[in-house]
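What follows draws every value from the coordinates through simple rules; no lab data is involved. No experiment lies behind these values; they were computed from the predicted model shown. Cβ sites come from the backbone with ideal geometry, for glycine too, and all protein chains shown count toward neighbours.
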Amino acid sequence: MKTLKSYICGRWHEAASGFVPLVDPSTEETLAQASSDGVDFAAVLDWARERGGPALREMTFAQRGQLLKDMSKVLRDNRDELLDLSRRNNGTTKPDGSFDVDGASGTLAYYASLAKNLGNRWFLVEGDGVQLSKSEGFWGQHVLVARRGVAVHINAFNFPAWGFAEKAACALLAGMPVITKPATATALVTERAIELIAAAGILPEGALQLIAGATGDLLDRLGPQDVLAFTGSAITAQTLRNRPRLQVANPRMNVEADSLNAAVLGPDVADGSPAHGLFLRDVVREITQKAGQKCTAVRRVLVPAHRLAAIQGALAAKLGAVVTGNPAQEGVTMGPLATAQQLRDAEQGVAQLAALETVRVIQGSGRRVDGAGSPAGKGFFFAPTLLQADDARSAGAVHEREVFGPVATLLPYDGSASDAAAIVDLGGGTLVTSVYSDDTVWVGDFLAHGGGATGRLYVGSEGSAAEAPGSGAALPQALHGGPGRAGGGEELGGVVGLKLYLQRVAVEGSKTLVDSVVGTES
Ligand code: NAP
């Protein structure tokens, strides 16, 4: 059986004990095992701090951009192999695997092209300079300089390629070395991607290391110049936030956690209109893509009360046509959940929602099903499941429990933007909220009432119907992250994504000197 290795201190480390199995979720066959036992985390940090950091900080943004471009090419050149691993370890169909793998190479390529515009400099100038006294004798200018520590990236199981790449792109471009730790159960794609990148000799020594398995005492060794970027469940995030050593050392921390994203159908959207078609397409995609195992998946669907029956029928028909099964089988359109634990969680989650007096299951069973192309009783399959609540405000658990599978709940609202925003807000902060409307006044009203509760507002309308990629796509140009329950973090968003890894410095002095130092003299 394959044993995943950690890439540390310029070599591949294979553990001898403490293994966690990696399983094909369609067949339950064990594919590999992983463990980080025996990793010397102090040495891993030293390697990054003493080799990777200085080498990257020697380079300009444009030079680091070239590294990202080369990394992107390696992933693109090996796309088929990575898609195959994704199918086997994550149970993804080809389009779902591509969402992850091509998302990874695309994000690296985007940041490579952004780097060209940032140019041959070592720091970024932020905003305009400002006069701080009665004359230009005392002047200030904000600049952003690479932090001198290590970026530790902990990722969730659902995006083994994109999760690694979207974080690494920003840290490496900013000039920080990376130690990346994928979720162990689905680390096959990440391990192979890093093996390919390391073999290509693209990065300076110490710029990128991989931990296959647990983080040991790594987090307790972080210091004030380091960054910890975490993606995963809110509960794990809370554990990390409360870790006493982290609180004392105070590295910068970014959290991308779970989110009860909402899609809202505006009252103006007529049956058969482009916005209506987009709404149905998007909602079905956002429930079923990657079997609903996306932090940006739609969990709550708000519809004006008098339209509920019609929308319920249309969604149920589309969800009923989804073929759940082994992605290796022709005709399968949705794969299994990634692990036995995820299956158990999804079953318990639907049971919790359906236990509410005003909530019922209207499509799907909320329990494991057999999958097409897999032996009976094998595989972590879970058919698309739609629930409906009679009253949005008394549907407590619907706004509190993230069921991480192909599961969403229909909720009625009164048609006003303020009512929709108030209901969405019951979720405590989302990564993305999508609204479907051609009425700019209504959308503006929603933004005013509900904008503060989300990191991204995706507006589906006649104008965007032909090109909108779906609310679940976290594009590198736009912010990814949301307030409150979603973790309060900020990733991507072009230059915004670099700021986690850069220290803002207010440079003060005479205008002539400041301009000369930061290169803003005219
Ligand atoms: P998880 O159980 O919280 O695990 C996430 C990562 O944390 C894994 O790499 C895990 O490693 C690691 N981890 C767990 N406990 C740790 C500890 N005490 N110290 C250090 N690392 C620890 O989440 P998951 O099940 O993988 O992912 C699903 C969740 O992630 C969902 O809630 C989803 O909404 C969220 N998510 C959010 C985003 C976003 O961008 N906001 C994106 C994707 C997923 P092991 O695997 O080795 O345990």
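Things worth noting here:
- Global geometry of region 301-411, whether rounded, prolate or oblate, following the gyration tensor of its Cα atoms and the 1.5 cut on a/c: oblate
- The local environment of VAL227, defined by Cβ-Cβ distances under 13 Å, has a net charge of +3 under the rule Lys, Arg +1 and Asp, Glu -1.
- Just so you know, the averaged projected area of the alpha carbon convex hull for the chain sits at 25.4 nm².
- Residues in region 144-180 that a label on LEU513 would reach, taking backbone N under 11 Å of a point 7 Å out along Cα→Cβ: none
- Which of SER394, THR454, VAL323, positive extreme of dipole for region 261-475 (C-beta unit charges): VAL323
- Only helices enter this figure: runs of n ≥ 4 DSSP H residues, each worth -39500 (n - 2.57), summed and divided by the residues of the chain, yield -10500 deg cm²/dmol at 222 nm to the nearest 500.
- For region 286-346: rounded, prolate or oblate by the Cα gyration tensor [a/c cutoff 1.5]: oblate
- Amide H within-cut-off set for MET253, under 5 Å, with H built and near neighbours excluded: LEU228
- DSSP beta bridge pairing in the chain, given as percent antiparallel to the nearest 5: 40
- The Rg/Rh ratio of region 160-295, with both radii computed over alpha carbons and Rh defined as the Kirkwood radius, is 1.09.
- Loop-located trypsin sites (Lys or Arg not before Pro) across region 103-172 with a Cβ neighbour count of 10 or fewer within 10 Å are LYS134, with loop assigned by DSSP.
- For region 261-475, the antiparallel share of DSSP beta bridges with both residues in that region comes to about 15%.
- Across all directions, the average flat footprint of the convex hull enclosing the Cα atoms of region 12-144 is 12.8 nm².
- Extension gain, ALA270 back to MET1 (0.36 nm per residue minus Cα-Cα distance, nm): 91.2 nm
- Value of relative contact order over region 261-475, rounded to a whole percent, pairs C-alpha under 8 Å and six or more apart: 29
- Cα-based shape type of region 261-475, given that a ≥ b ≥ c are square roots of the gyration tensor eigenvalues and the cut on a/c is 1.5: prolate
- Where the Cα pairs of region 248-363 fall when distances are cut into 5 Å bins, in %: 2, 9, 15, 21, 19, 14, 9, 5, 3, 2, 1, 0
- Note on region 104-206: the C-alpha convex hull projects to 8.6 nm² when averaged across all orientations.
- When each of LYS5/LYS94; LYS181/LYS378; LYS167/LYS499; LYS69/LYS167 is checked by Cα-Cα distance, pairs over 19 Å: LYS5/LYS94; LYS181/LYS378
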